[in-house]
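What follows is a set of notes on a single structure, which appears directly below.
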Amino acid sequence: MSTLKAGKLVDTKVTQKIFTGLHKGNISPIWAIVVHQTGAPTAKHTFNSYKSSSHGAHFLIDKKGKIYQTALLTKLTHHVGKIKSRCIQTKVCTAGELATANSIYFKKGKSYSVRLTNLYKHEKKKAYPARYPLNKDSIGIEIVGDYDKAKKVYERVNNAQNKALKWLVGELGFHFVMDKHDVYRHPEVSYKKPSEARTAAW
Amino acid sequence: MVKNTIFTLFFLVLISCGKSEDSSKAESLVFSDVVVVDSGANEENAFCKNFKLTNEQAVSFFKRSHLISTKIMHDKYDYLPCYVKGTSKIKDKKCNWEIRAGGTSEISCSDTNYILACDKCDDLLKDSQ
């Protein structure tokens, strides 16, 4: 069983490789995990990008299933993007709330981008789980996986990666009191390619 | 029929040098024969019902776009099910492209693929009605 020390998940299965540039402030109580794929062929590509990018997640699982912690669990990172309306996606909400969200989502005369931004601002005011997780209350896990520009899909998550993901999700769920319903594929919560993390299993 | 009109327009997609994180290496793409052939959505979705572009609007999108990497597409841009698809030539090679309502475009040529993004296309990427 792993332990948590000063934002680090301490276990022999986890290699610490913290990029402080990913830290964007203190994280709120953690409610959820969002699973991503990197869109790059190797962990090295993503580590190189983390040296200058403002976007990244807390953990990275390489092609062999090795787990790296890349940001402290006391810090939020930018990994989610604009969240979708959970009310619109699931219809589990009041009729009034659905009407309000739809009025923003389908607003005539506004660009798609503006409508998504306005809906995101509306959603942010809600508490989890009435909305999808935000950067401020979720842990991001990146799985190394390239994006095939010709086929327009992410590559499959391999068995070693899924084994590592399952272990990591279990440990984080234990430490932050989350269950499987609090673990999301990135395209479920925000507007991303449907194939991203589609083959991830936990 | 504007949709079926083939016309030739040459223009450059200039890669912005102002945002190093956004752009891949400096390069320019020369488009010609830009033709819209289809529009729709990847899923049954009323949200996309009125997303259409004319040939001229597709040209405007490409003119204002810059090349991005897969990572930047993932990190910074919204991917929406609404698309307009079409054809063009780039460097005399026939290419198929799709423009997404979230502001990105993926282009497949015979041996090369490109991803573009437009940050100032709100006037193009909205309901056509």
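Below are the figures for this structure:
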{"item": "Mean ellipticity per residue at 222 nm, deg cm²/dmol - from DSSP H runs of n ≥ 4 across chain A, formula -39500 (n - 2.57)", "result": "-8500 deg cm²/dmol"}
{"item": "Within the protein assembly as shown: Cβ-based charge dipole about Cα centre, in debye rounded to nearest 20 (Lys, Arg +1; Asp, Glu -1)", "result": "440 debye"}
{"item": "Max mean-square fluctuation residue, GNM over chain A, Cα-Cα springs under 10 Å, options A:Ser54, A:Ser85, A:Ser190", "result": "A:Ser54"}
{"item": "Which of A:Val80, A:Phe19, A:Val34, positive extreme of dipole for the protein assembly as shown (C-beta unit charges)", "result": "A:Phe19"}
{"item": "Extended-chain gain in nm, criterion 0.36 nm per residue less alpha-carbon gap, A:Lys91 and A:Ser54", "result": "10.0 nm"}
{"item": "In segment A:1-72, trypsin sites (Lys or Arg not before Pro) in a DSSP loop with at most 12 other beta-carbon atoms within 10 Å", "result": "A:Lys51, A:Lys64"}
{"item": "In nm, spacing of pseudo-spin labels at A:Asp179 and B:Glu98 (7 Å Cα→C-beta vector)", "result": "3.7 nm"}
{"item": "Per-residue HN-Hα couplings for segment A:162-172 [Karplus 6.51, -1.76, 1.60; θ = phi - 60°; Hz; x = Gly/Pro]", "result": "5, 5, 5, 4, 4, 5, 5, 4, x, 5, 5"}
{"item": "Pairwise label distance in nanometres, A:Thr20 with A:Ala127, each label 7 Å out on the Cα-Cβ vector", "result": "3.5 nm"}
{"item": "Label-to-label distance, nm, for residues given as A:Lys64 and A:Ser28 (7 Å Cα→Cβ offset)", "result": "4.0 nm"}
{"item": "Assigned charges on the beta-carbon of Lys, Arg, Asp, Glu; segment A:29-150 dipole about Cα centre (debye)", "result": "420 debye"}
{"item": "Calculated FRET value between A:Asp148 and B:Glu43, using beta carbons and R₀ = 22 Å, to 0.05", "result": "0.60"}
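Values quoted throughout were computed directly from the atomic coordinates according to the rules given, and no laboratory measurement underlies them. This is a predicted model, so every value here is computed, not measured. Counting neighbours? That spans all protein chains shown, and the Cβs are built from the backbone with ideal geometry, glycine included.
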